[in-house]
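Data first, discussion second: the structure below is written as structure tokens.
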Amino acid sequence: MNKAIKINRSLTKSISNKTLKNHVFNLTKGGSTTFNAVRNEMATGLATKGKYHTQKLIETRSGLIKLWRKKKNLNEKDRKILKRVLNEIQSTLSGN
């Protein structure tokens, strides 16, 4: 089994694909992650820092699915990162 890929700001340094890098950057800005914000919102019913982040996560998932389907300009490492991010998005939106 491969070592789990931790989704955080430093992950962007190892991403070659610009689109994927931008998505990961946007998911990890603000001192926390969008994943944590959505989990908190689902648990409490309250906005995180005055905003709800679920829509952002859904829109990011759509963009990443398009990127996955194209697989254009994705090296092996980027594909693994993309798959990990998509899995984390789905898990978060499912309440896990």
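The values are calculated or read from the model by the stated rules, or taken from the named source; none is laboratory data. Since the structure is predicted, the reported quantities are computational estimates derived from the model, not experimental observations. Here the Cβ is made from the backbone with ideal geometry for all residues, glycine too, and neighbour counts use every protein chain on show.
Here are a few things to note about the model shown:
- Restricting the range 19-53 to residues that are outside any helix (DSSP H, G or I) and touching a Lys or Arg at 6+ places or on another chain (Cβ under 8 Å), the residue that is nearest to residue 92 (Cα to Cα) is 28.
- Output for the range 10-47, where each listed residue is without any contact (Cβ under 8 Å) to a residue 12 or more places away in the chain and touching a helix residue (DSSP H, G or I) at 6+ places or on another chain (Cβ under 7 Å): 21, 47
- If you filter the range 68-84 down to residues that are over 11 Å from residue 19 (Cβ atoms) and basic (Lys, Arg), you find that the one that is surrounded by the fewest Cβ atoms within 10 Å (Cβ to Cβ) is 69.
- Among the residues of the range 32-49, those identified as among the polar types (S, T, N, Q), within 16 Å of the chain's Cα centre (by Cα) and either buried (at least 17 other Cβ atoms within 10 Å of the Cβ) or under 14 Å from residue 78 (Cα atoms) (or both) are 33, 34.
- Residue in the range 59-67 that is more than 21 Å from residue 96 (Cα to Cα), surrounded by 13 or more Cβ atoms within 10 Å (Cβ to Cβ) and in contact (Cβ under 8 Å) with a residue 12 or more places away in the chain present: yes
- Single unsatisfied condition, residue 16 versus (1) part of a loop (DSSP other than H, G, I, E, B); (2) closer than 18 Å to residue 87 by Cβ: (2)
- Filtering the range 50-68 to residues that are over 13 Å from the mean Cα position of the chain (by Cα) and closer than 16 Å to residue 30 by Cβ leaves 50, 51, 52.
- Test: residue in the range 77-91 that is free of Cβ contacts under 8 Å to residues at least 12 places away in the same chain, outside any helix (DSSP H, G or I) and over 12 Å from the mean Cα position of the chain (by Cα): no
- Within the range 19-31, tally of residues that are exposed (fewer than 14 other Cβ atoms within 10 Å of the Cβ) and either more than 17 Å from residue 86 (Cβ to Cβ) or modelled with pLDDT under 90 (or both): 2
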